[in-house]
Structures are given as C-alpha cells and as structure tokens.
Amino acid sequence: MKSLYRYLGITGLAGLALTLFWVLVSFVGPLIAPYSPGEIVNYDVFLPMSWEHLLGTDYLGRSVLSRVMDGARFTVGLAFAAALLASLLGTGLGLFSAVSGKALDESISRVMDALLSIPNKIFALVMIAALGSSIPILLLITAITYTPGVFRIARSLAVNINQMDYIQVARARGEGRIYLASVEVLPNMIHPMLTDFGLRFVYVVLLLSSLSFLGLGVQPPNADLGSLVRENMSGLWEGAPAIMAPAAAIISLTIGVNLFIDSLRSSR
Amino acid sequence: MSDLIRVENLRIVARGDDDQEKTIVKNIEFSIPRGEVLALIGESGSGKTTIALALMRYARRGCHIDEGSIFLDDTDLMSLSQPALRSLRGRRISYVAQSAASSFNPSMRIMNQILESTQIHYSMSRKAAEAKAVDLFRVLALPNPETIGSRYPHQVSGGQLQRLMAAMAMITDPELIIFDEPTTALDVTTQIDVLRAFKQVVQERGITAVYVSHDLAVVAQMADQVVVLNNGEICEMGRTAQIINAPSDDYTKQLMAAAHPVLTGVAETNENDESLLSVKGLAAGYGKIRRDGRPAIPILQDINLSIKHGSTLGVIGESGSGKSTLALAIAGLLPSSAGIVKLADEVLPNRMELRSRDQLKRVQVVFQNADTALNPAHSVGRILARPLAFYHGMTKDASDKRVRELLDLVHLPPSIADQPCTRLSGGQKQRVNLARALAAEPDLILCDEVTSALDTVVATAILDLLKELQRELGISFMFISHDITTLRGVCDQVIVLYAGQKVEEGSRKNFAAPPFHPYTNLLINSVPELEQGWLDRKKHIRQTIPANADGQQLCGFLDRCSVRIEGKCDKQSPPWVALSEGSEVSCHLSGEELKRLQQHSLQTPTLKPASSNAEGG
Amino acid sequence: MNTIVNLLLKRLGISLVTLLLVSAVVFLITNLLPGDPVQEMLGQAATPEVVEALRTKLGLNQPAYIRYMNWLGSLLSGDPGVSLANNMPVAELVSDRLPRSLMLAGITTLVAVPFALFVGILAASYSDTRVDHFISTIVMFVVAVPEFLIATIAVLIFSVHLGWLSAVSYAPQDPTLQEFIATYALPVMTLSLVLVGQMSRMTRAALIEQMQQPYVEMAILKGASHSRLVLRHALPNAVGPIANAVALSLSYLMGGVVIVEVIFNYPGIASLMVDSVTNRDFPLLQACAMLFCTGYLILVFMADICAILSNPKLRN
C-alpha cells in the first residue's frame, strides 16, 4: 500500500479509488440497487435526497440511485469494451503497418489519416444515421471512431522501435516478420499503449454520454448516464438530484481515470 | 599571487525519482591560479561535468550543491543572489559545451547567439560587438569570418560550430572559461585544428581555463594542472608533467595504461593463403538505384578486401568514410549495388532476405551502441537463448548449459542470465552483445565501433577479450574503428577508408612508420600523443580546406592533401602502388617520394609500442 | 525558397487526396443502410414497379461508383441535392446556417486562442511550481468534463442562480451590443473553456519540451533571465508543435459546436446536421459532414504552413 502511494502520489491514489469505485458499481450495482431502474417508486417527481430515496426521484418518479447505478453499467461497460476494441485493433494494425513493406504501410496510413480527418462527433453522427443506435452498433461505432487515433500512436511507437539496433540484429539473424512484431517490438509497446487505453476510455465516455445527451446514443428503455442527464433536464431549475447525480457521476468517473493515468505517466 | 578560482569542500547531491538522495561528488578541493589551465579528467560518471557546471553554481535538474564554497576571486558564489549569479554567468565565467550542435538554438542566426551575452550584460554596442566577434572568428581560424555569423547552426560543420562556441564564450572577455569535452564529438583530424585554435587563444589572452576531458593525451596538450576524478572523488591532483610521467594513484595508473595500448605479438600468420572472406568491387549507398547502376546517395565505391581464417582486419575511417556502411553491406543488411562478397568460395547474395540461414549464421554483427543493441524487454538469458534455438535448434536443458558457457567465455557471472539487460553497465552490455554473436558459432564477426562508446578502461578490457576469443576459437574479425591506436593493438591487417574509397592497405607493421597514403599520414599525425608539447610541434600541418567528398574516380583525398600534384592528381585517378615494406596505397606519388616528404615535414609518430622500431626522436 | 514551395505543394496535394478519401468514406457509410431505403419510403403497399420507378428516378439503381462520382460532382458544383426532410435545396439550407456557425466559431477562436496561449506559456514558465500545478489541475478538470455538462453547469450558474444571461440564444438580426453579448456569451464561454483546456495543455507541453533542450541550458549559462529563455529561445522553436496543437484543438471545437448549438438552440450548421441525423436526411447529412471535414483539413494545412515556415532548416 505504501509503495503504491509512493508510486502514484495522492492524486493518483484518489484517481485509482474513484476508478475502482465506478467499476465496482457497474458490476455490483444492479444487484444491490434498492429498486429496479424502471420502477416508479413515488408519485412525487424530482424529490430531493432523503433517507428513503438516497438520491431522490427522477422526472417520472423513479429511484435516481437505482437508475444511476444501472446507467453506470452502460457507460462504464460500453466505454471499456469500446476502448478495448479500439486499442486492440489500433495496436494490431499499427504494428502490422510498421513492419510491412512501404507500399502497404503508406496505403493503410493514408486511409487512417483520412478517418482521423473526420472530427469524432461528426463521424459518430454519420455512422448513427446510417446504422442506428442499438447497443452493439454503438459499441462498434465508438470503437471504430477511436481506432485511427490508437493506430497512429501505435505505428509511431513501432516505427521508432523498429529502428533500434536490436531489431536490426534480429533481422540479420533471419527472423521472420511475425516473430519480430510479436516478440521483439510488441513488449516494448505495452506500457505506453496501456496509458493510451486509459485515455481512450475517457474519450469514449465523453463521446457516448454526449451522443446520449443528444438523444442519439443509448435508447430508451435503456439509459446510460448521458441519457439520464437528458431526460431530467427540466429538473435543472430546481437543482434536483435527478440531474445532478448523473452529472456528478460522469464527472467523477472521467476525472478519476484522468488523475490515475496522469500519475502513471509522471512516475515513469 | 591570488588564485582566480578556489573550491573548498564541495559536495553535490542528486534527488532520484524515489526521493532518495545520492551523493554525486564530494570532498572536492582545488584552486586555479590566474592564467593557468586546470584539467578535470575522469571517465563517464566521475562527476567532472557536474563539478565544471558547479563552478558557475549551476546544477542540472534534480541536483543541487549541498555543501562547500566556490570562490571567484574573493567572492563565494554560494553567497550570491540569483540576479548576481545571472550577471556573473556569461560575463565573468563562460562555458563551452560538449555538443556544439545541440547547444545552439536552431532557429536563431549564429551571430545573434554569439552576441547574446553582450546584450544580456549590456557590455558593448552591437556594432562594436560584431566587429569583435569577426575578429575572434579570424583568430579561431574559421573560414569566411565576415559572413559565417549570418548562417544558421545547421549550415555549419561540427568543428566550426565548436570554435564558434568558443567565440561565444570569449566575446565578453571572461576571466574564466570552462571547456567541457569540446572535442570529444569530433573526428581526430578535425580535433587537432580545434585544439590548436583553443590553445593559441587561451595562451595569447592569458585566459584562465578549466578543461574537462576523458582523454589523457588531449589533456596533456592543454593543461598545466590535472585533477583525476573517480566516482565523484579526487584520486590524484598535480602538475601535468608529474601526473603523466609519475602517477602515484592506482586509478590514474589504470588510465595511463589504457592510453598506451600494448601491442602483443602478432598471431603467427599461417601461410594458409585461403581467405575466409573476399570482397571485390563492392559499392553501396542509399536511395534508388540510378540508370548507371549507382545508388542516389553513393557511399562506398570499388572496395576490395579479404580476411584470412582466424585473423583480424581493421577498417579505419572517420565520419563519412563509409566504414559502417561496409559492415552493413557485407552482412546484407544494406543491399550492395555492385560487387561480390564471397564467404569461403560461396557467393553471398547481396540481400539478407536471399541468404540462407546457414549463410546468415556464419557472419555476425556486433554494433557500437550496446544500449540499443539489446532488447530492453528481454532478460540476458533470453537474448542468448534465442540464437541457440534459432540456429542450432537447442532445447531447454542444452540451451541453459550453453548460455552459461557463453557467459563464461565473455567473463560474465552466470547469475546475470536472469537480469533484464537494462540493469547492466556499458561494458557488460557489450559483452552480452559479443556472447550473442558467439552463440551462433560464426566464422566471421563484424565489430562496428564496439568500443567507441565505452570508457577507455572498459574498452581496453573488451579489446583484450576479443583477442582472447580469437586465440581460443579461431574466429575471424573485421574491426571497424575511427581510432587508429586501438586498431593497431588488435588487428593483423588494416585498411584505410576515406570518402567511401579504400586508400591504403597493409599489415600492422606498415603503419608504424612512413611511407603512408597522405590521408593516413594526416590521420596518424592527428592523434594526440601522451606528452606535453606535441600539439605545439604540429604547427606546420597545412590548414585543411573543407573536404569535397565527391572524388569519384579521382583520389577522394584531393582537396585536403598537402602533397598533391597539380595537373596530375586532379586529372587522373591514382594507381595502386605497392610499397616496399609490403603495404599498398592508392597514390600518384611513389613510395620513396612519400617517405621523403613525410619524414621531412613531420615528426614521425611513436606510439610507444612494446616492440617496434622507433624512428627519429 | 524552392524547397519550401515544393514542400507546401506536397502537403496541399496530400490534403486533397485525404479529402477525397474522406468523401469516399462518408459516401460509403451513408450507403451502408441495411434494408432498402426506397421500400421504406414508399411503405409496404407499394408494388414492385413503383419501387423500381422511384429507384430509377432517384438514380439508386446505378452502381456505387457512378453514384459516388455524381455525388462528388454535385458537391463540387455547389448543388448537393435536395433535403429529404425539408424539401428545400441543401445549398440553400446550408448557406443560411453556415455564416452563423462561422460567426460562433470565429468569436470562440478569437477569445480562446490568445487566452490559451497565455495560460500555456504561463504554466510552462513556472513549470513544477505551485502556479503550474494549480493551472494543470484546473485544466485537467475542465478537459475531463463533457461539453454538455459544462453548458448545463454554466446555465445553472448564470441563468438559474445569477440570472444574468438567458439560456436560449435568440440571434436576432442587427443586434445591439447587449443583445449580442447575451446571445453569444454562454455558447462562447462553454466552447472556449474546453478549447482553452486542450490548447493550453498542449502549448505547455510543447514549451516544456523545448525548455529541456541543451541550447536553453547554454542560454542559462550565459546569464539569460527566465523570461528571455521562454520568450526568445523556447517559444520560437515551439511554434510548429503549438500550431499543430491549435489546429487539433479547433477540431475539438467542431465536435463541441454540435453540442452547444443544440443546447442553446443556436441556428447553425451543426444543429442542422444533428436534425439530419434524426431524420435520416442523407443529402443534407453528407453535405454537412463534408463541410466539417473540409474545415478541419484547412486548419491542419494552415498548421502545416506554420510549422514549415518556422523550421529554420528549410530556409536558405
């Protein structure tokens, strides 16, 4: 514990705690939530926090606590899966591109550059228009949106490593491309790519909740944290927990992960 | 007679990432009388740069001066405020850094940077300062002194930048100049000009100086006093003559020994004329191959050489000579554009991809920079096990045993096999590098500047190891270096490369005395000797004009040669002349003419070998 | 001078190729619709002949690459078809809204960029001190919060609690200064906040990287003051990376504009695009997407120009 504190610093530790908290909620939440997310528990809408309803009620009278826990499941789960997919795809492609011949490398890079030239939200919007907003599609869309970014970083790393003498030595031995990529290059990429994974996670959370806020993300009856903010917008004037809680949830999640990632970067 | 600088009880500590404090230097005490030059000598990590910077009360990131006093005249720098310190730096004390290329701001013109100190300290008007700068350029023997200031740093060569940095340091007429390894990054033939310029300027103006170096021979030319550092402490201190001729400390003696390589007896050349490696007409370069068969950026032209079984061929050249390209071309890492490489009668395809695994196994390369030659993600054992599995198909038990044997061959403890290679020292890494090459059981190992990045003491040990391996295993070596002293200690045959062409070839004996190719002559005579006054004797080497390495069929050394024949050397390509002593040179002059010219104009070099005939002196 | 011109032309060429690829991607995606759009439009009752007739009329029976060329041609000629939802020419809709979005983006840029550069340079000058840590922490917070939440919180503070500003932008014609500020204050503030966060962070990083170079140490040893180091030495060499950072951040601006225009009901091109997504109005959607992408590529190209011009190694 002490060494962890020394390694991360107090902000890093706080970040780690927040991150783990939300991961826990997304796994365990639905099991320990007091009510089911769709259940109407009180006819008074936008109730403030109370002992009976820890986070009050939403615009329909449902338990905000339960809905936030459920929403966290979607936000964290989707973001994690999408970031993972983007990282795996991007790293794999980046590595492949870096060790391939010039022509192949150029063409892949050009396509990726083109994809990168489309601002993320615009790209997501176009995809949603074409493919809809079901959960699997959202997962795919957000993953594809961030794959080119991961690709660029992974390829740049791989190209730098490729120029090291130890790669020359391995090539001079007669090693094949697959061995070079997987045994010699990849292990040296893992640490920076892990940091990048954390960042992508945050980007996906932001993108997803923004899309849901616009009504184009997670669709009813499901709701992620962004949708919760959207549907409870009218509670803003009263400062109802129905809108404050999901807002606070998003903010604490992204800040937590950011703090954690930053502390990893500065300690190495 | 007051001392200009007096250092007392200096201690500098560093704070690591883990917040632990580590002492870098301690108990440092020395003083410098006005007008003298003091040398700080030691290997990397000895703390010499740290001390040099501390003389301006400057410590790099993470370090600070913990204890001690630094007196400039009567002022203790430790008592000064930050503004007072700033007013002192660049005005009363100046610094000349090791790497001129990175010490100049790439987007500012040179003149503006040189004049910057005068602007910071308001010492003189711009016009006066510019005139003074141009004057300094002249004194430092820089070409085009009127216009060189208007260039950007990347438009000027390394040796010139180094001298420009000296001008930058001198413009405010400081009382003390600190030279921090200023010639380490330069070629030997450039170094001598720079050294001479520095010495002249320092002597003429009576400047007090501190000279930091790891090279004893250079220090012998420049310093009046020497301070020997090891691990952050002073081992020995005294006048230069005393340190060089009668060192008392063990470490100092070690340094001296490393500077005087002992030539062991030549391995008996078995008259077995079979050559292991034979290279004919090799040409190589970078970029696309043009219609005439030459690459867009040609590096090597028409190289012929051969290496016998169990012998070592040395390849010497400076930067731009193409020596590293030669190793890459022979190994197939860089496809040659012309010529044939034969390994024991078998022609090797010029591309690595086309060579068989057996062919690849028989020629191994060891690179200069051991840090980048070992994969940081792998342990030592894993690095060594791979070629065993790849070439010999060894399974775990046999492989483990062999790894231990290999480590033993290079004198490393078996426990090192489990260590990640990032924890090893430079010398240890280079041994692992060698062990990896040996694991393949090759016939030929190409060593590309393998000792150039190492401290002299460590480098000597590696060279001894190479000789031992050759005796025990009968492997042939091609040893590439820019340092002729090292080569002569290790190699049986030597070839000299200049601007991508071979200009001389001979056995080790041939390089002891003239006749040489004019370039070889310049090279040998530019290596500083470990005796004072050597530099002063070199006054009459002709000023070198920037080389135009576009020799093509003509002699590549044409522009810099001090004995060239107008009308012949610039019109016809030089023939290969066999000299009476057994070497061959590419020159229009005959062996006798060369001998006469070279004995007349220059003192013949005496490298103090264990056994050889010394000429003259 | 020749090399610079060559380099710029080369970059321009690459940008154009990229734009072309982008158009292909946009076209590809919008044609990924599962199901038959014509069938959907006409409903289940339509006979095969009617479906076929409409398909021919809309040109949907031609092979993909021909449709792509046609679409590209229509874009370049300035008449990208008719909006499906509004039945108006796309060009008309766009030309009505585009200036407003440009106005919003322009004001934001004018406000955010100088401020961001200032904050970034300040943080880098005082790097590793409390000032720097303070700034970095705030920046990190700002960057971690999505724009819609920033907008929401801004509305909460300025409209609900303080009552200074209205939550909806009127954007009237010929506004007075007061109306102008009232209209633009919240949207610009929201957008600027994120932009300043991104840009200042990258500016700081670029400057700090320069400050760690040996030539800065050399200047210190010449007795240079701190401000001289930052402004005369580090900054000119950081122009390239900073220009890049600005271009990249302005691309975030494009994403942020989408949210802000929707929340504040601002009649710009981003809110038009969001509507087109909801309505599956493809001609409009494609045109809007291409506009955004072109805008971004122009920004990147300008950043490239800055980087090339500021690189002394290319000068002669």
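Once you charge only the Cβ atoms, +1 for Lys and Arg and -1 for Asp and Glu, what is the size of the charge dipole of chain C about its Cα centre, to the nearest 20 debye? Don't skip to the end; give the middle numbers.
On the way: 16 positive and 18 negative charges, 256 e Å.
Charge dipole of chain C: 1240 debye, to the nearest 20.
Ranked from the most accessible area to the least, with a 1.4 Å probe and all protein chains present, what is the order of A:TRP22, B:TRP576?
B:TRP576, A:TRP22
Counting pairs of alpha carbon atoms under 8 Å apart in space and at least six apart in sequence, what relative contact order in percent does the stretch A:42-90 give? Write down the numbers at each step before the final one.
Numbers: 40 pairs, mean separation 11.3, N = 49.
So the answer I get is 23 percent.
Can you grab the distance from the C-alpha centre of the stretch C:193-220 to the C-alpha centre of the stretch A:108-170, Å, no decimals?
Here the answer is 27 Å between Cα centres.
Please give the calculated 222 nm ellipticity per residue for chain C, where each DSSP H segment of at least 4 residues contributes -39500 (n - 2.57) and the sum is spread over every residue; nearest 500 deg cm²/dmol? Let's see the in-between values first.
Numbers: 12 runs with 231 residues, N = 316.
Value at 222 nm, helices only, nearest 500: -25000 deg cm²/dmol.
Quote the relative contact order of the stretch A:54-141 in percent (integer), defining contacts as alpha-carbon pairs under 8 Å separated by 6+ residues. Spell out each step's value before the answer.
Details: 25 pairs, mean separation 19.2, N = 88.
Result for the stretch A:54-141 is 22 percent.
About the Cα centre of the protein assembly as shown, how large is the charge dipole given +1 on each Lys and Arg Cβ and -1 on each Asp and Glu Cβ? Please answer in debye to the nearest 20.
Numbers: 99 positive and 106 negative charges, 276 e Å.
The calculation lands at about 1320 debye.
So what's the angle, to the nearest 10 degrees on a 0 to 90 scale, between helix B:396-409 and the longest Cα principal axis of chain B?
60
Given the options C:ALA124, C:ALA238, C:ALA53, state which has the largest fluctuation in a GNM of chain C using a 10 Å cut-off (strictly under) for Cα springs.
Highest fluctuation among the options: C:ALA53.
Averaged over B:69-78, how many beta carbons belonging to a partner chain fall within 10 Å of each residue's beta carbon?
On the way: counts 0, 0, 0, 0, 0, 0, 0, 0, 0, 0.
Taking all residues of B:69-78 together, the mean is 0.
Residue by residue through B:91-104, how many Cβ atoms from other chains fall within 10 Å of the Cβ on average?
Numbers: counts 2, 1, 2, 3, 5, 2, 5, 1, 3, 2, 2, 5, 8, 3.
Shielding by partners across B:91-104 averages 3.
Which of rounded, prolate, oblate describes chain C, given a ≥ b ≥ c as roots of the alpha-carbon gyration tensor eigenvalues and a/c under 1.5 marking rounded, otherwise prolate only if a/b is larger than b/c?
On the way: a/c = 2.83, a/b = 1.58, b/c = 1.79.
Verdict is oblate for chain C.
Whole Å is fine, so just give me how far the alpha carbon centre of the stretch B:227-259 lies from that of the stretch B:95-127.
Each part's Cα centre sits 35 Å from the other's.
Test of understanding: in a Gaussian network model of chain C with alpha carbons linked when under 10 Å, which of C:SER200, C:SER249, C:SER15 would top the mean-square fluctuation ranking?
Highest fluctuation of the listed residues: C:SER15.
Report, ordered by chain and residue number, the lysines lying within cross-link reach of B:LYS509, taken as a straight Cα distance under 20 Å and ignoring same-chain residues fewer than 8 apart.
Cross-link targets: B:LYS308, B:LYS467, B:LYS595, B:LYS608.
Once you've got the GNM for chain A with C-alpha springs shorter than 10 Å, pick whichever of A:PHE151, A:PHE201, A:PHE96 has the biggest mean-square fluctuation.
Residue with maximal mean-square fluctuation among A:PHE151, A:PHE201, A:PHE96: A:PHE96.
Rounded, prolate or oblate: which fits the stretch B:102-163 when a ≥ b ≥ c are the square roots of the eigenvalues of the alpha-carbon gyration tensor, with rounded for a/c under 1.5 and prolate only if a/b beats b/c?
oblate
Find the centroid of the Cα atoms in the stretch B:451-524 and in the stretch C:47-106, then give the distance between the two in whole Å.
Value for the Cα centre distance between the two parts: 75 Å.
Helix by helix, which DSSP H runs in chain A go 24 Å or more along their axis at the Cα atoms and have an average Kyte-Doolittle hydropathy of -0.5 or more?
On the way: long enough: A:2-32 (35 Å, 1.39); A:64-99 (51 Å, 1.44); A:135-162 (38 Å, 1.25); A:190-213 (34 Å, 1.36); A:241-267 (38 Å, 1.21).
Qualifying helices, which must be both long enough and hydrophobic enough, are A:2-32, A:64-99, A:135-162, A:190-213, A:241-267.
With everything on Cα atoms, drop me the angle between helix B:158-170 and the longest principal axis of chain B, reported from 0 to 90° to the nearest 10.
On a 0 to 90 degree scale, this one is about 10.
Under 5 Å between amide H atoms, partner at least 5 residues away or on a different chain: which partners does B:ASN27 have, H built in plane at 1.01 Å?
Here the answer is B:LEU10, since their amide H atoms fall under 5 Å of that of B:ASN27.
What shape does the stretch B:359-408 take by its C-alpha gyration tensor, where a ≥ b ≥ c are the square roots of the eigenvalues and a/c under 1.5 counts as rounded, a/b above b/c as prolate, and the rest as oblate? Show your work: numbers first, answer last.
Values: a/c = 1.94, a/b = 1.29, b/c = 1.51.
Taking the square roots of the gyration eigenvalues as a ≥ b ≥ c, the stretch B:359-408 is oblate.
Can you give the relative contact order of the stretch A:196-268 as a percent, counting alpha carbon pairs under 8 Å and 6+ residues apart? Intermediate results must be reported in sequence, preceding the final value.
Values: 61 pairs, mean separation 20.8, N = 73.
The value is 28 percent.
Within 10 Å of each Cβ in B:163-174, how many Cβ atoms from other chains are there, averaged over the peptide?
Averaged over the peptide's residues, the number is 1.
The values are calculated or read from the model by the stated rules, or taken from the named source; none is laboratory data. Nothing here was measured: the structure is a model prediction, and the numbers come from that model. Note that we place each Cβ from the backbone using ideal geometry, even for glycine, and neighbour counts take in every protein chain shown. Protein only, heavy atoms only, side chains kept; ligands, DNA and RNA dropped before computing areas. Shrake-Rupley method; radii C 1.70, N 1.55, O 1.52, S 1.80 Å.
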